[in-house]
Amino acid sequence: MTASALSAWMPWTDRAGRTSLLKLATLLALLAPAVWMVVEWRMGWLSPKPVTDLVRESGDWAMRILVLSLAVTPLRYVARFNRAILVRRMVGLAALFYTLLHVALWCVDLRFEWLRIAMELVLRLFLTVGLVATLLMVALGVTSNDWGIRKLGSAGWNRLHAWVYVATLLSLIHYFMEVRLDASEAALMCGLFVLLMSFREIRKRATPGFVNLMLAAVICSVGTGLIEALYYKLATSVAVWRVLMANFDVSYRVSPALWVLGAGLAVAVLANLRARFGPKPARMVRA
Ligand code: HEM
């Protein structure tokens, strides 16, 4: 393999083998949590159960990056940020990387007692759900390359990769089933997922105009508040209205519903600005 062919394979280069600053910056940002986890572990900054801490931390990052991977395509179309296509595969593979790290650390935590690991995966529903999500993500990761597209054909590949939404939904269920006291981040991830799905629907059915996007932001924000309230109602029997009212009290935290509203409104404003002053809408091209 020649040096130029090799450089085209590097994660920070584009198809022509040129270094892409966007890809390089994304790669470094995606690696940062893993580096931080190593630092925390080496410096002894974790609790007396460091592996358990790292299982949680890697799970959190897997979830965040999985949701981020779903934001790439809407951002590309809604905000007309065509170059986002360059990092779509990288973000998806990073979600898979943190998921596999999460599962591997869990196996370390159980000291590789394979029988116990198998029993837990079968008997504890939240782990079974996580396992199915992981298997789906592995199938998507293995086929997220030119070989996968050639083998499955464009339509088959698109059909298979639409399963990312099912994998995300299952991951969110796994997350909610595991939450003990504070469901804020799980609710936030859920709200962002619903917001991204709504952008997808808007793009399919209508022009992603300012009013449509604003409406989606408001509806998804209310939905996020309701999901959080419902969770607390089922898990702790705290009254739904008390959790809903807490969404308006920003004195001790910005609620997941307000974060979702902020993110949705930011995209609406960005889309409006890009529609006025930005480039033409994206065409379908592969990374
Ligand atoms: C075979 C597959 C999986 C296994 C065995 C597994 C195992 C676990 C375990 C044992 C916990 C609880 C940690 C604790 O509180 O002590 C956990 C939490 C979690 N997992 Fe998984 N998981 C799997 C798949 C996934 C996937 C696919 C995702 C998302 C992409 C994910 C995201 C999370 C998150 C966000 C948490 C909560 C972390 C926290 O409490 O801060 N997991 N998982």
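Observations on the structure shown:
- Modelled spin labels at Trp157 and Val132, positioned 7 Å past Cα toward Cβ, are 2.8 nm from each other.
- Modelled label reach - Arg253, point 7 Å along Cα→Cβ, region 207-225 residues with backbone N closer than 20 Å: 220-225
- Magnitude of the charge dipole for the chain, about its Cα centre and with charges confined to Cβ atoms of Lys, Arg (+1) and Asp, Glu (-1), is about 1380 debye.
- Semi-axis lengths, Å, region 119-241, gyration tensor of Cα atoms, sqrt of 5 times eigenvalues: 29, 25, 8
- Built amide H within the under 5 Å cut-off of Thr13, gap 5+: Ser20
- The length gained by stretching the chain between Glu201 and Ile149 to full extension, at 0.36 nm per residue less their Cα-Cα distance, is 16.3 nm.
- Accessible surface, 1.4 Å probe, highest first, among residues Tyr165, Tyr77: Tyr165, Tyr77
- Positive-end residue of Leu213, Ile117, Val142, charge dipole of the chain with Cβ unit charges: Leu213
- Relative compactness, the chain, computed as alpha-carbon Rg over 2.2 N^0.38 Å: 1.08
- Kyte-Doolittle mean at least 1.0 and Cα axial length at least 27 Å: DSSP H helices in the chain: 21-42, 85-109, 210-236, 256-277
- Along the axis of the charge dipole computed for the chain (Cβ charges of +1 for Lys and Arg, -1 for Asp and Glu, origin at the Cα centre), the listed residues Thr73, Leu127, Pro33 are led at the positive end by Thr73.
- The figure for Ile149 is an accessible area of roughly 30 square angstrom, using a 1.4 Å probe on the protein chains alone.
- Accessible surface, 1.4 Å probe, highest first, among residues Arg15, Arg64, Arg116: Arg15, Arg116, Arg64
- Solvent-accessible area per residue in the chain equals 58 Å², computed with a 1.4 angstrom probe and all protein chains kept.
- Relative contact order (percent, whole number), region 102-238, Cα cutoff 8 Å, 6+ residue spacing: 19
- When nucleic acids and ligands are ignored and a 1.4 Å probe is applied, Asp182 ends up with an accessible area of around 100 Å².
- Between the residues Ser20, Met63, Pro48, the greatest Cα displacement towards the positive end of the dipole of region 20-178, with unit charges on the Cβ of Lys, Arg, Asp and Glu, is found for Ser20.
- Here the contact order of region 184-287, divided by its residue count and restricted to Cα pairs under 8 Å and six or more residues apart, works out to 35 percent.
- Overall, region 88-135 carries a charge dipole of about 200 debye about its Cα centre when +1 sits on the Cβ of Lys and Arg and -1 on the Cβ of Asp and Glu, all other atoms neutral.
- A Gaussian network model of the chain, with springs between Cα atoms under 10 Å, assigns the largest mean-square fluctuation among Ala235, Ala94, Ala216 to Ala235.
- Cα extents for region 184-287 along the principal axes, largest to smallest and rounded to whole angstrom: 50, 27, 24.
- What you get for region 184-287, charging only the Cβ of Lys and Arg (+1) and of Asp and Glu (-1), is a dipole of about 660 debye around the Cα centre.
- For region 20-178, the relative contact order comes to 22 percent (Cα pairs under 8 Å, sequence separation of at least 6).
- Carbon plus sulfur fraction of accessible area for the chain, probe 1.4 Å, in percent: 70
- Gain on full extension, evaluated as 0.36 nm per residue between Asp109 and Leu234 minus their Cα-Cα distance, stands at 42.0 nm.
The values are calculated or read from the model by the stated rules, or taken from the named source; none is laboratory data. Everything numeric in this text was worked out from a predicted model, so none of it was measured. Positions of Cβ are backbone-derived with ideal geometry, glycine not excepted, and every protein chain shown enters the neighbour counts. All accessible areas refer to the heavy atoms of the entire protein, side chains included, with ligands and DNA or RNA removed. Shrake-Rupley method; radii C 1.70, N 1.55, O 1.52, S 1.80 Å.
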